[in-house]
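Step one of this worksheet: look at the structure below.
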Amino acid sequence: MNDLLNQIASIEADADRELGKIKSGEDLKLFRARFIGKSGAVTKLLKMLGTLPPPERPAAGKKINELKDNVLNKISEAEGGLMSAEVGNVLQEKIDVTLPGRVSAWPGRTHPLNQTLKKIEDIFTGLGFSIYEGPEVETDYYNFQALNMPKDHPARDMQDTFYINPPSPPFSKGGKGGLGCDLLLRTHTSPVQIHVMEKLKPPVRMIFPGAVYRRDADVTHSPMFNQVEGLMVDKGIRMSDLKGVLTEFVREMFGERLGVRFRPSFFPFTEPSAELDMQCVACGGKKSSPPCRLCKETGWMEILGCGMVDPNVFDAVGYDHKKVSGFAFGMGVERIAMLKLGISDIRMFYENDVRFLKQF
Amino acid sequence: MLVSFNWLKELVDIKGGAEALAEKLTMSGFEVESISKSGDDSILDVNVTPNRGDCLSHIGIAREVAAVVGKKFEACPEQDRRVRRQTNISEPKLDVEIRDKKRCLRYCAMIISGVKIAPSPAWISSRLASCGIQSINNVVDATNYMMLLTGQPFHAFDYRYIRGGKIIVTTPPSETSFTTLDGVTRKLSEEDLLICDAGGPVAIAGVMGGANSEIRGDTVTIVLESACFNPITVRKTSKKLGLSSESSKRFERGVDADGSADSIKKLADLITKIAGSVKSQDLVDIYPRPVKKAKVKFSVNYANSLLGMVIKPQNVKNYFRYLGISYSRGVCTIPTWRQDLTRPADLVEEVARLHGYDKIPLTLPAFTMSGLSRPTHSIADEAARKFLAAHGFYEAVNYGFCSPLELAPFSKEPVTISNPLGVEFSAMKTSLIPGLINNIKLNVNFGQDSFKLFELRPVFSMQGASVIEKKMLGGIMYSEKSEPADFYDVKGVCAALLEFIGLTCVGFSKSAGREFMHPNASCKIMRGEKEIGICGILHPSIGKASIFELNWEEAANAGETRKFKALERFPSVRRDVALMVSDDILSEDIQNVIAKFGSRIIKNAAPFDVYKGKGIPEGKKSIAYAVMYSNSDRTLTDEEVNKEHAGLVSFLKNKLGAEIR
């Protein structure tokens, strides 16, 4: 037993001496191995415990464990010392924080039109509308006839149309008015209304985003642009609901500050029809001082067309217009984006100049 | 339509100025796009919607103004409906015959003799000028003036050139050539309605008169025409000939047949007044089947329930009265000039319009909830957009069409447009790459030297006899320095993007096998046996860039559902091996050999360095692999790993003829 106590004392003294020499993590590792590693001095003592006569073992064990705790304390003490030395060193470092940062790739952007579209979609999905897409190449039936625009209807002048060259043998595209009929690039997203209503029974609450085409090109017209069409059909849908839902949309899109008005208009596929105007984003509806060029001094800007679904459209898709009613609306994504972002030339959207895209 | 404010004031009592009137018209469905000054007059540019042909006239607009301010329109009593059915006049002789009664509803004619052709008085020519019509002479100006007033188009012929004193409204038996007033010779067919005399055509009905019978300086006797033609016939002919006139515009939108006789009398009076001392003859009027006034059922309750508000029945009655609609016992009798009112919903709009859309309350609909649905690819769309933007790509939006020349390397037979805005916009894209190449050109011109773009939209192709639309995700990486946009960058982007949207098991085959791609630096991207896209370097004859194009409908919908796999609990050990092999040996070959070695404790082996040059003989390369060893049950010992690794190395030496560096 005395022998053991001597050994403990000598190990402890040894440890104290070695402790002072620890200058690095590597030294500490060696220290740990020397005393409490697999074949360290303390470990050896513990292994030896079994060779003592049983009555001595509890007292001896206690002593050795005390030694072990001491050594462990010393180790953590040394760790603490090393750490604060290291922290001190790190804190001495000086760098130029005004130099640019480093990242694997500086982010690009999604297109401002798609950012705008995403926002429109988010507002309407928040109001309980689903999203559905239709084809860009359409038949005359879906683009016009089913939407109450028979052949030779003057309303077709409102939408100058691109037609697809027929191949030989002629087209066969399924659906109504299919075989041999004129294929065209849709002039609006309204034909998706027809596809959806042919497929689903009411109630329907959906928006239809997508590209549309018209034979038109200048500062505010592009031969291709993007629209979002919306449709809500159910029992007892009223024009006041149309006003409520679309006013809510404009508020979420542009904020509460600008007034909204609905005025009568004409679309073959809605009756009554309306145009939604919002107070001018540039002059706030004040018209002048200096004369506002954006709203041409009217104080108002057209945002979208809308109306109650025309009974002829319901007839075309087999809905009973005596039982259900609904509203539809359509807006140009470019128009909304131009107003929101302050862009005056629509062509900028399709040039894809990185200096432009970078801004949004 | 250009509307004179002063003229309106002659027709209806207007309080306030042009601005105030414009506001009222705009809010009742006649948007005033601008107001301009013309002398002491204000000219309103009114956007008349295609359903309101009746308002392509000052009387029509005045009637609206009266309705909007709440009074019945009195300036012009209801037209004279008496039908004469007189088909000829004896001296000078005029016979009128309608052969095509479907296309011509009514034909009124009058002969006026002793006319003196001269310039118009200033009050007529200036009013015409304000309304955008050029002054020609007193007779022609009178017809235009009365058209602007009443909405009825007229035509005046020189009686000398009406052969046989006979007017026949008919279609030609076969293709006929005819020279119109504008001096253009046009081809007409059995589809077109013509005004003929005993010798042949003298006018295209409702579109334009002929050069052969026009009013000249020495014209003394004239024939006036006031007719009503079928709108569809006029529109078809006008469209076919590419000839739109003030007359055709009005006929297309529907002219009131009941008004023809009354307006021709007004016109005759005006000509008598301004074209010298004249003798006006009797009216020839053929009106085979007078139009009937439409009757439309209407209930105030229906209107209120569709609008979501309460309008009092008395108000509704008043609105109808202002519009000339008589309403009793649930039925509206519609005046003949309002051909757009045929259904209850049309009448609801009239009521709402005059009551004011602003009085309709704002409500939110109560509805039964249902699950939201979105296109299946929309989640992947969103993820791809975010991923690519985060990796430095800008999103492009290009037109769906382009020049067939730009498309030629990508497709020989695109879908084409029959009436494009120009040949450069005539072919529907079969690939997004040509658009992105154009975007590169523009950006390089503006001094960008390194950038990445992507686009997500459908492309078009003919399959059999139908047009197929497929959504594609295209990308392009450009750099003037060759380094940051090589093959491996674009392959890396594709692999990482597909992983990000949930496709883990994607393969890259050797060569995309496309003419527009570099044959040795491109890949097909495969999912199992299915090609889901291509990536690599463009063929140098087309451009200098790396591109990818994914068949997005395939890729976006192929994402796997992710399931938890137990984590490795024991550490893995890395051993590197650098093999010197023949240049022909591909990384894939080495991977295959490692797989063949069949070790149970190799978890992964990946190349981390490829080196050619100093110290490596010609025709060889050094390729270094990091091999990860682990065992899921316990920690591997050094000895175990060393033994397995040595086995692998000698296997590789053996199978690949490799030397170890």
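Every number here is computed from the coordinates shown, using simple stated rules; none is lab data. It should be emphasised that the depicted structure is a prediction, and the values quoted were computed from it without experimental measurement. All Cβ positions, even for glycine, are placed from backbone atoms using ideal geometry, and neighbour counts span all protein chains on display.
Using Cα centres only, tell me the gap between the range B:281-351 and the range B:18-48 in whole Å.
26 Å
How much length, in nm to one decimal, is gained on full extension between B:Glu640 and B:Glu480, taken as 0.36 nm per residue of separation minus their Cα-Cα distance? Walk me through the intermediate numbers first.
On the way: separation 160, 0.36 × 160 = 57.60 nm, distance 5.01 nm.
Result for the pair: 52.6 nm of gain on full extension.
Taking the beta-carbon count within 10 Å as an exposure proxy, list B:Tyr399, B:Tyr488 from fewest neighbours to most.
So the ranking, lowest neighbour count to highest, is B:Tyr488, B:Tyr399.
Can you give me the P(r) profile for the range B:295-359? Cα pairs, bins 5 angstrom wide beginning at 0, each as a whole percent.
Reading upward from the zero bin: 3, 19, 36, 27, 12, 3, 0.
Check B:Val459: other-chain or 5+ apart residues with amide H under 5 Å from its amide H, H built from backbone geometry?
Residues meeting the criterion, in which the H sits 1.01 Å from N, are B:Lys470, B:Lys471, B:Met472.
Would you work out which of B:Asn304, B:Tyr488, B:Gly330 lies farthest towards the positive end of the dipole of chain B? Charges go on Cβ: Lys and Arg +1, Asp and Glu -1.
The residue sitting farthest along the positive end of the dipole is B:Gly330.
Can you give the angle from 0 to 90° between the axis of helix B:378-390 and the longest principal axis of chain B, with both taken from C-alpha atoms, to the nearest 10?
On a 0 to 90 degree scale, this one is about 70.
Between the helical axis of B:344-355 and the dominant principal axis of chain B, each derived from Cα atoms, what acute angle in degrees is found, rounded to the nearest 10?
80 degrees
Counting other C-beta atoms within 10 Å, which of B:Thr637, B:Thr219, B:Thr176 has the fewest, and how do the rest follow? Don't skip to the answer; put the middle values down first.
On the way: B:Thr637 11, B:Thr219 21, B:Thr176 17.
Arranged by neighbour count, lowest to highest, B:Thr637, B:Thr219, B:Thr176 become B:Thr637, B:Thr176, B:Thr219.
Would you mind computing the Rg to Rh ratio of the range A:207-337 from its alpha-carbon coordinates, Kirkwood style for Rh? Write out the running numbers ahead of the final one.
Numbers: Rg = 16.1 Å, Rh = 16.0 Å.
With Rh from the inverse mean 1/r over Cα pairs, Rg/Rh is 1.01.
Using a 10 Å cut-off around each Cβ of peptide B:462-468, what is the average number of partner chain Cβ atoms that fall inside?
Working: counts 3, 0, 4, 10, 8, 9, 2.
Taking all residues of B:462-468 together, the mean is 5.
In peptide A:130-136, what is the residue-averaged number of other protein chain Cβ atoms found within 10 Å of each Cβ? Please report the intermediate quantities before stating the final value.
Values: counts 6, 5, 3, 7, 1, 5, 7.
Partner-chain Cβ atoms within 10 Å, mean over residues of A:130-136: 5.
In Å and whole numbers, how far do the C-alpha atoms of the range B:573-660 stretch along each principal axis, longest first?
45, 23, 17
Would you be so kind as to identify which of B:Thr179, B:Gly242, B:Ile98 lies farthest towards the positive end of the dipole of the range B:95-286, taking Lys and Arg as +1 and Asp and Glu as -1 on Cβ and the Cα centre as origin?
Of the listed residues, the answer is B:Gly242.
Could you tell me, in Å, what Rg and Dmax come out for the Cα atoms of chain B?
Using the Cα atoms of chain B, the pair Rg, Dmax is 39.8, 128 Å.
Along the range B:396-412, what does the Karplus equation 6.51 cos²θ - 1.76 cosθ + 1.60 (θ = phi - 60°) give for ³J(HN,Hα), rounded to whole Hz, x for Gly and Pro?
9, 10, 10, 5, x, 10, 7, 6, x, 5, 5, 8, 3, x, 9, 7, 8
Which whole-Hz ³J(HN,Hα) couplings does the range B:365-374 yield from phi under the Karplus relation 6.51 cos²θ - 1.76 cosθ + 1.60, θ = phi - 60°, glycine and proline marked x?
After applying 6.51 cos²θ - 1.76 cosθ + 1.60, I find x, 8, 9, 6, 5, 8, x, 7, 10, 9 Hz.
Between B:Leu442 and B:Arg569, how many nm apart are label points set 7 Å from Cα along the C-beta direction?
Going by the 7 Å Cα→Cβ label model, 5.9 nm.
To the nearest 20 Debye, how big is the dipole of the range B:219-321 about its Cα centre, given +1 on the beta carbon of each Lys and Arg and -1 on that of each Asp and Glu? Spell out each step's value before the answer.
Values: 19 positive and 9 negative charges, 117 e Å.
Taking the Cα centre of the range B:219-321 as origin, the dipole is about 560 debye.
Which value, in debye to the nearest 20, describes the size of the charge dipole of chain B about its Cα centre when Lys and Arg Cβ atoms bear +1, Asp and Glu Cβ atoms bear -1, and nothing else is charged?
1760 debye
Report the relative contact order of the range B:499-593, percent, no decimals, based on alpha-carbon pairs under 8 angstrom and at least 6 residues apart.
Details: 113 pairs, mean separation 19.0, N = 95.
The normalised contact order for the range B:499-593 reaches 20 percent.
In this model, which of A:Lys29/A:Lys74; A:Lys118/B:Lys563; B:Lys621/B:Lys653 are farther than 23 Å apart at the alpha-carbon?
On the way: A:Lys29/A:Lys74 13 Å; A:Lys118/B:Lys563 30 Å; B:Lys621/B:Lys653 14 Å.
Where the Cα-Cα span goes over 23 Å, the pairs concerned are A:Lys118/B:Lys563.
Return the Cα extents of chain A along principal axes one, two and three, sorted largest first, each rounded to a whole Å.
If we take the Cα atoms of chain A, the spans are 118, 54, 49 Å.
Explain nothing, just the number: dipole magnitude of the range B:2-68 about its Cα centre with +1 on each Lys and Arg Cβ and -1 on each Asp and Glu Cβ, in debye rounded to the nearest 20.
That gives a dipole near 140 debye.
So, in nm, how far is label B:Met369 from label A:Ala59 when the simple model puts each one 7 Å beyond its Cα toward the Cβ?
Roughly 7.7 nm, to one decimal.
Once every Cα of the protein assembly as shown carries one equal point scatterer and solvent is ignored, give the base-10 log of I(q)/I(0) from the Debye formula at q = 0.10 Å⁻¹, two decimals.
Reported log10 I(q)/I(0), two decimals: -1.27.
Using C-alpha positions alone, give me the convex hull volume of the range B:475-628 per residue in cubic angstrom. Before the final figure, lay out the partial values.
Working: hull volume 24.4 nm³, N = 154.
That works out to 158 Å³ per residue.
How large is Rg over Rh for the range B:95-286, taking Rg from the Cα atoms and Rh as the Kirkwood inverse mean of 1/r across Cα pairs? Present the calculation step by step, with values, prior to reporting the outcome.
On the way: Rg = 15.3 Å, Rh = 16.4 Å.
In the range B:95-286, Rg relative to Rh is 0.93.
If we count other beta carbons within 10 Å of each Cβ, what is the order of A:Asp216, B:Asp192, fewest first? Could the numbers behind the result be given before it?
Details: A:Asp216 14, B:Asp192 25.
Ascending Cβ contact count within 10 Å gives the list A:Asp216, B:Asp192.
Just to verify a number: FRET efficiency for A:Val90 and B:Ala626, C-beta to C-beta distance, R0 = 25 Å, to 0.05? Please list the in-between numbers first.
On the way: r = 31 Å, r/R0 = 1.24.
Efficiency, from the Cβ-Cβ distance: 0.20.
Which one of B:Tyr357, B:Gly475, B:Leu432 has its Cα pushed farthest toward the positive end of the charge dipole of chain B, where Lys and Arg give +1 and Asp and Glu give -1 at the Cβ?
Towards the positive end, the residue furthest out is B:Tyr357.
So how far, in whole Å, is the C-alpha centre of the range B:530-570 from the one of the range A:219-245?
Computed from Cα coordinates, the inter-centre distance equals 37 Å.
Hey, rough spin-label estimate for B:Lys544 and B:Val291, points 7 angstrom out along Cα→Cβ, what's it come to in nanometres?
6.9 nm
Around A:Thr270, which amide H atoms from residues at least 5 apart in sequence, or from another chain, sit under 5 Å from its own amide H, with H modelled in the peptide plane?
A:Asp310
Could you state the angle between the C-alpha long axis of helix B:138-150 and the longest principal axis of the C-alpha atoms of chain B, as a value from 0 to 90 degrees rounded to the nearest 10?
Once rounded, the angle reads 70 degrees.
Using 1/(1 + (r/R0)^6) with R0 = 30 angstrom and r between the beta carbons of A:Leu49 and A:Ser24, what's the FRET efficiency to the nearest 0.05?
0.35
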